[in-house]
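Report on the structure given below.
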Amino acid sequence: MAARSFNRQVLAYLEAAGEARVEEMASGLGVDPTTVRRALRRLSQMGLVERAWGGARLFQAVRYVGEMARNQENGRAAKQAIAAKAAALVRPDARIGISGGTTCTHLARLLRNKPVEVYTNAVNIAVELFSYPKTRVLVLPGELNLFSYELVGPEAVAFAERLEGLDLLFVGASAITPEGFFMRNGPEAEVARALKRKAKEVYVLADTSKWGQQPMARGFFAALNEVTGWIKED
């Protein structure tokens, strides 16, 4: 098996599992432990994985705490499935926008070292993409939101409005109702709406548990028919 192909299999395994022992990966991938260890050594040198006692985990550029840490694990499989669908839409040299949120964070990890240009107002997503030379990252200015890692406010909106255009925009949602897609609060939604006006295609990344959630009225992002699609886990 070609090393590059097997590296991708190991990364996919760790993306699904979060962390795994060498023997577990060897059994799951149908190879011997020595093959796994060689792949982990290569991936570690590339900065894509971190070695742990007896195994490895994906490189964690950001150490999440509190609610964000809990949200990273809640519905992990669904979020990873959504992120994989979204990543499949991204073509080389695309200009894309990514908002904050845990599902968008999973997407960002799948874009590491892809030849794309990423615009984001989420500080954590910028750091998740740090040190991958093929991936150009531009961060919107603004004030750090009290409830997320996102930069919001007039500066962020003004920056978004000056953009020449985006091929794709991916945003998260905290609630979805027949009226549309909602974010956690008004400042987040305001920046996302400004980016939406610059994007050719707009996708909401949210699992089906968000349907029927009680929305924050000021967090309205878009009506259901105002986006290109809602990417969900099924």
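The values are calculated or read from the model by the stated rules, or taken from the named source; none is laboratory data. Remember, predicted model here, so these are calculated numbers, not experimental data. Don't worry about glycine lacking a Cβ; one is built from the backbone with ideal geometry, like all the others, and counts go over all protein chains shown.
Within segment 30-50, the set of residues being surrounded by fewer than 18 Cβ atoms within 10 Å (Cβ to Cβ) and modelled with pLDDT of 85 or more comprises Gly30, Val31, Asp32, Pro33, Thr34, Arg37, Arg38, Arg41, Arg42, Ser44.
Against the test of being acidic (Asp, Glu), touching a residue at least 60 places away in the same chain (Cβ under 8 Å), outside any helix (DSSP H, G or I) and over 16 Å from Arg193 (Cβ atoms), the options Asp167, Asp93 yield a single qualifying residue, Asp167.
Within segment 1-56, the residues that satisfy the criterion of being assigned to a helix (DSSP H, G or I), within 20 Å of Ala77 (Cβ to Cβ) and over 21 Å from the mean Cα position of the chain (by Cα) are Glu24, Met25, Ser27, Gly28, Leu29. Among residues belonging to segment 184-201 that are assigned to a loop (DSSP other than H, G, I, E, B) and at pLDDT below 95, point out the one that is nearest to the chain's Cα centre (by Cα). Filtering segment 184-201 for residues that are assigned to a loop (DSSP other than H, G, I, E, B) and at pLDDT below 95, the one nearest to the chain's Cα centre (by Cα) comes out as Arg184.
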